[in-house]
1. Based on alpha-carbon atoms only, what is the radius of gyration of the stretch 154-224 relative to the globular estimate 2.2 N^0.38 Å?
2. Suppose we flag GluC sites (Glu not before Pro) only when DSSP calls them loop and at most 10 other Cβ atoms lie within 10 Å. Which is the longest uninterrupted stretch of the chain?
3. Exactly which chymotrypsin sites (Phe, Trp or Tyr not before Pro) in the stretch 77-106 are in a DSSP loop and have at most 13 other Cβ atoms within 10 Å?
4. Under a Cβ-only charge scheme (Lys and Arg +1, Asp and Glu -1), can you give me the dipole magnitude of the stretch 17-103 about the Cα centre, in debye to the nearest 20?
5. Excluding V108 itself, calculate the net charge of residues whose Cβ lies under 15 Å from the Cβ of V108, where each Lys or Arg counts +1 and each Asp or Glu counts -1.
6. Quick one: work out the % antiparallel among DSSP beta bridges in the chain, nearest 5.
7. How big is the charge dipole of the chain about its Cα centre, in debye rounded to the nearest 20, if each Lys and Arg gets +1 on its Cβ and each Asp and Glu gets -1 on its Cβ?
8. Average the reciprocal distances over every distinct pair of alpha-carbons in the stretch 1-121, invert the result, and give the Kirkwood radius in Å.
Amino acid sequence: MTGDIFELRKVSYRYLDESPALQEISITITTGESVVILGANGSGKSTLLKLLDGLYFPTAGEVWAFGKPLTEESLRDDAYASRFRRRVGLLFQDPDVQLFSPTVWDEVAFAPLQMGLSKGEVIDRVEEALRALGIEDLRDRAPYRLSQGEKKKVALASILSLDPEVWLLDEPTANLDPRTTGWVIDFLLSLAEQGKTLIMATHNLEIAQAIARQSYVLGEDHRLVAQGAPCDILADEELLLRANLVHQHRHLHAGVEHRHPHRHWETHEHHKNA
């Protein structure tokens with residue numbers, strides 16, 4: 001299957017107080033792409049994902065999904081809404097916002113149950129998702145009692161049980177320790193290898209380097225300031241400074257002060273040549 005998954009046509013979004021979240025964003029995302037939306041906190045990344053998920057709707061411009069306008073009116077059609085929700089899954093930045101069921105098993109079963117699947121298929125999907133995320137031993141635990149890393153895995157499992165074509169991921173490695181961060185990156189790479197469409201919003205440059213094949217940069221004015229291959233975007237220090245994705249430190253070397261950009265991450269050798 002090929003073609004456009006999403007098309008944003010000069011999309012703007014304003015909050016109720018009329019302050020801008022996004023201004024005249026135009027992008028196209030095709031089937032099987034791994035895309036990263038880069039930007040500093042407050043640049044509009046999360047808002048963009050919620051527009052793609054049909055949780056928000058633009059105050060100007062149009063969002064198209066799978067060749068059709070994605071609007072409040074279209075989602076009032078139960079059949080259309082059901083098809084769309086089966087095809088698109090959203091991982092929230094904060095798993096506490098996403099997890100609400102009394103046990104992990106119930107959480108992972110929720111989406112398949114909403115699809116009207118048979119009891120046997122629901123059980124199969126839940127068990128497969130728990131195994132894939134390595135959280136079988138958490139099945140009877142209450143999500144709110146879990147660590148941040150465990151909550152993130154449960155949230156991912158709840159999407160995996162739905163098996164959507166498109167994964168929208170808001171800061172998927174936020175607040176995770178290095179080991180869990182590496183695990184999440186490997187998991188997302190496995191989804192890309194399966195041909196899933198990944199759209200990630202982050203200010204973590206490592207995840208852009210490791211996973212994405214196309215990147216878009218939002219400026220602090222909430223506009224699209226650059227797009228291109230991650231290797232080209234990440235090599236542009238001036239762009240990264242302007243978008244507040246890196247900062248400059250002062251250092252003393254042999255009594256002489258120097259300033260240079262600092263990224264807070266290291267590029268692994270196997271990612272440099274990806």
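Only the coordinates and a few stated rules stand behind these numbers; no lab work does. Because the structure is a prediction, the values reported are computed rather than measured. FYI the Cβ positions are ideal-geometry reconstructions off the backbone, even for glycines, and counts take in every protein chain you see.
1. On the way: Rg = 12.6 Å, N = 71, 2.2 N^0.38 = 11.1 Å.
Relative to the 2.2 N^0.38 Å estimate, the stretch 154-224 comes out at 1.14.
2. Details: sites that count: E18, E266.
Between the exposed loop sites, the longest stretch runs 19-265.
3. Values: sites: Y80, F84, F92, F100, W105; in loops: F92, F100.
Sparse-neighbourhood loop chymotrypsin sites (Phe, Trp or Tyr not before Pro): F100.
4. On the way: 8 positive and 12 negative charges, 86 e Å.
Dipole of the stretch 17-103, to the nearest 20 debye: 420 debye.
5. Details: positive: K119, R125, R131, R139, R141, K151, K152, K153; negative: D106, E107, E121, D124, E127, E128, E136, D137, D140, E150, D163.
Residues near V108 contribute -3 overall.
6. Values: 25 of 43 bridges.
Of all bridge pairs located within the chain, approximately 60 percent are antiparallel.
7. For this selection, approximately 40 debye.
8. On the way: mean 1/r = 0.0619 Å⁻¹.
Here the Kirkwood hydrodynamic radius works out to 16.1 Å.
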